[in-house]
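Chemist: Take a look at this one; I'll ask things after.
The values are calculated or read from the model by the stated rules, or taken from the named source; none is laboratory data. Small disclaimer: the values here were computed from a predicted structure and weren't measured. Cβ: placed from backbone, ideal geometry, glycine included. Neighbour counts: every protein chain shown. Side chains are part of the model used for accessible areas, which takes the heavy atoms of the whole protein and leaves out ligands, DNA and RNA. Shrake-Rupley method; radii C 1.70, N 1.55, O 1.52, S 1.80 Å.
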Amino acid sequence: MKIRKAERKDLSDILRIYAYARAFMKANGNPDQWGNVYPSTELIQEDMEKGICYVCTEGEHIAGVFVFFKGEDPTYRVIREGNWHRNSPYGVLHRVASDGSIKGIARFCFDFAKENCDYLRIDTYKDNIPMQNTLAKNGFCRCGIINTDDGSPRIAYDWEA
């Protein structure tokens with residue numbers, strides 16, 4: 001499997017993957033994290049324009065998508081009920097999703113980010129038990145609670161080399 005930056009031609013595949021991920025979340029007790037429309041087409045296009053949207057490919061098939069960048073995420077400035085393990089520059093992972101066709105997409109995304117940064121931050125919703133388990137299996141530690149731009153709480157995690 002390979003990872004590359006997403007291109008405009010990938011948009012329909014990315015939308016397909018996020019639709020699958022929303023259905024998976026709903027079927028696994030997490031109907032509220034992404035609802036029916038998140039992430040929006042506009043947000044995906046913005047991520048692509050910024051060069052922070054990546055796809056996981058097996059041959060010509062796009063099986064996963066995620067956002068990765070190095071720099072500050074404003075929603076990570078304030079953390080409650082805990083602390084980050086480091087107060088230093090970090091990489092951020094968001095919107096990790098798979099179409100279910102290949103096992104281990106999240107681990108593959110995490111490994112890519114770990115190869116490119118020695119300190120990572122990520123968050124997930126309280127009802128996203130599959131992602132919480134995946135984060136724990138991949139060495140991420142629970143740090144506390146952050147709030148997204150819309151004010152909703154998320155469980156914050158970090159990883160350090």
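Chemist: Are any of the residues in the range 12-25 farther than 22 Å from residue 110 by Cα and more than 16 Å from the chain's Cα centre (by Cα)?
Modeler: Checking the range 12-25: at least one residue is farther than 22 Å from residue 110 by Cα and more than 16 Å from the chain's Cα centre (by Cα).
Chemist: Here is a follow-up. Are any of the residues in the range 81-101 over 23 Å from residue 57 (Cα atoms) and touching a helix residue (DSSP H, G or I) at 6+ places or on another chain (Cβ under 9 Å)?
Modeler: Checked the range 81-101: at least one residue is over 23 Å from residue 57 (Cα atoms) and touching a helix residue (DSSP H, G or I) at 6+ places or on another chain (Cβ under 9 Å).
Chemist: Let me ask something else. Looking at (1) in contact (Cβ under 8 Å) with a residue 24 or more places away in the chain; (2) out of contact with any strand residue (DSSP E or B) (no Cβ under 8 Å at 6 or more places or on another chain); (3) charged (D, E, K, R); (4) in a helix (DSSP H, G or I), which is the one condition that is false for residue 32?
Modeler: Only one criterion in (1) in contact (Cβ under 8 Å) with a residue 24 or more places away in the chain; (2) out of contact with any strand residue (DSSP E or B) (no Cβ under 8 Å at 6 or more places or on another chain); (3) charged (D, E, K, R); (4) in a helix (DSSP H, G or I) is unmet by residue 32, namely (4).
Chemist: Sort out which residues of the range 51-77 are open to solvent by 10 Å² or more (accessible area, probe 1.4 Å), in contact with a Lys or Arg (Cβ under 9 Å, 6 or more places away or on another chain) and in a helix (DSSP H, G or I), and write them in order of number.
Modeler: 75
Chemist: Being in a helix (DSSP H, G or I) and small (Gly, Ala, Ser) is the filter here, so list the residues in the range 98-119 that pass it.
Modeler: 106, 113
Chemist: Is there a residue in the range 109-119 that is closer than 20 Å to residue 40 by Cβ, among the hydrophobic types (A, V, I, L, M, F, W, C) and open to solvent by less than 50 Å² (accessible area, probe 1.4 Å)?
Modeler: No, the conditions are met nowhere in the range 109-119.
Chemist: Going through the range 70-102 one residue at a time, which ones are in contact (Cβ under 8 Å) with a residue 12 or more places away in the chain and among the polar types (S, T, N, Q)?
Modeler: If the condition is that a residue be in contact (Cβ under 8 Å) with a residue 12 or more places away in the chain and among the polar types (S, T, N, Q), then 75, 83, 88, 98, 101 are the ones that fit.
Chemist: Here's something else I'd like to know. Return yes or no: is residue 141 farther than 18 Å from residue 25 by Cα, under 12 Å from the mean Cα position of the chain (by Cα) and at pLDDT 95 or above?
Modeler: No; evaluated as a whole, the condition is false for this residue.
Chemist: Could you grab the pairs with beta carbons closer than 7 Å, sequence gap of 6+ or different chains, first residue in the range 9-29 and under 11 Å from residue 97 (Cα atoms), second one in a helix (DSSP H, G or I)?
Modeler: Once the first residue is under 11 Å from residue 97 (Cα atoms) and sits in the range 9-29, its partners that are in a helix (DSSP H, G or I) give 14/44; 15/41.
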